[in-house]
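Chemist: Below is one structure. I have some questions about it.
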Amino acid sequence: MTTSAAAILDRFRRAHALLEGHFRLTSGLHSPGYLQCALVLQHPREAEALGAEIADRVRGLGVQTVLSPALGGIVIGQEVGRALGVRAIFAERQDGRLTLRRGFALEPGEKVLVVEDVVTTGGSTRETIDLARESGASVVGAAAIIDRSGRSAELGTGGQQKIDVPFHVLAEVSLPTYDPAACPLCLAGLPVVKPGSRAV
Ligand SMILES: [Zn+2]
């Protein structure tokens, strides 16, 4: 039996990793929500449980290797690999491009699962899929703890390119971002806070 999306989001709220209100993000944009997966994943038992949840959903895919984009995907990728009993490797940026370093390699035909912590636009998931394919590996699926793209990454809507493999997420949360000048929360007169400040 899998844990419901609501239960997953409760875990995030308990760790103060999912805040709802009116926030000024690092980018300067405003949003009704703030999400920081690292605040959940800092607890190894939470990370292990989330990895096991993802593993349960992809067990039929015959995954041989988990591949994650650094840094965000490393911890959860490791835990999915642990639960599946397969190795977990990561790709990191070199000159702006995701690359396999440290002697990591994929064999032609190797069955790869791409794992991320949170999908915002799906861009890095797609880039990681492309990297695996360039190595000749066979990408059998992709997974993330949370999809905050409003499913646009999966469906290929909103100008996004579709993720063209089976895509599993434990929970979806819709967190739009607004230019401060056009922020409906500002217009409603709600005070804006920076995540991490005591005001929340
Ligand atoms: Zn605002």
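Any read-out appearing in this document is the output of simple, stated calculations on the displayed coordinates, not a laboratory observation. Quick caveat, the model's predicted, so the values are computed rather than measured. Note: ideal-geometry Cβ built from the backbone for every residue, glycine included; neighbour counts use all protein chains shown.
Chemist: HN-Hα J couplings of segment 7-22 from phi, Karplus 6.51/-1.76/1.60, θ = phi - 60°, integer Hz, Gly and Pro as x?
Modeler: 5, 5, 5, 4, 4, 5, 5, 4, 8, 6, 8, 10, 10, 10, x, 8
Chemist: Also: Restricting to Cα pairs below 8 Å that are 6+ residues apart, what does the relative contact order work out to for segment 1-97? Please round to a whole percent.
Modeler: On the way: 127 pairs, mean separation 19.9, N = 97.
Computed over segment 1-97, the figure is 20 percent.
Chemist: If you average the sequence gap of Cα pairs under 8 Å that are 6 or more apart and divide by the length of the chain, what percent do you get for the contact order? Write down the numbers at each step before the final one.
Modeler: Numbers: 400 pairs, mean separation 44.0, N = 200.
Normalised by residue count, the contact order of the chain is 22 percent.
Chemist: Counting only trypsin sites (Lys or Arg not before Pro) that are in a DSSP loop and have at most 15 other C-beta atoms within 10 Å, tell me the longest site-free stretch of the chain.
Modeler: Details: sites that count: 101, 102, 162, 198.
Answer from the scan: 1-100.
Chemist: For a quick check: with amide H placed at 1.01 Å from N, whose amide H comes under 5 Å from residue 121's, ignoring anything fewer than 5 positions away on the same chain?
Modeler: none
Chemist: Please list, ordered by chain and number, the residues whose modelled amide H lies under 5 Å from the amide H of residue 142; skip anything fewer than 5 residues away on the same chain.
Modeler: 114, 167, 168
Chemist: Once the Cα atoms of the chain are picked out, what are the Rg and Dmax in Å?
Modeler: My reading of the Cα-based Rg and Dmax gives 17.4, 57 Å.
Chemist: Going by Cβ distance under 4.7 Å, what cysteines of the chain have no possible disulfide partner?
Modeler: Unpaired cysteines in the chain: 37.
Chemist: What number comes out for the charge environment of residue 68, summing +1 per Lys or Arg and -1 per Asp or Glu over other residues with Cβ under 9 Å away?
Modeler: Details: positive: none; negative: 116, 117.
Net of charged neighbours comes to -2.
Chemist: If amide hydrogens are placed 1.01 Å from N in the peptide plane, which non-local residues have theirs closer than 5 Å to the one on residue 111?
Modeler: Amide H neighbours of residue 111: 64, 65, 138.
Chemist: Roughly what % of DSSP beta bridges within segment 55-131 run antiparallel, to the nearest 5?
Modeler: Values: 3 of 11 bridges.
In segment 55-131, approximately 25 percent of DSSP beta bridges are antiparallel ones.
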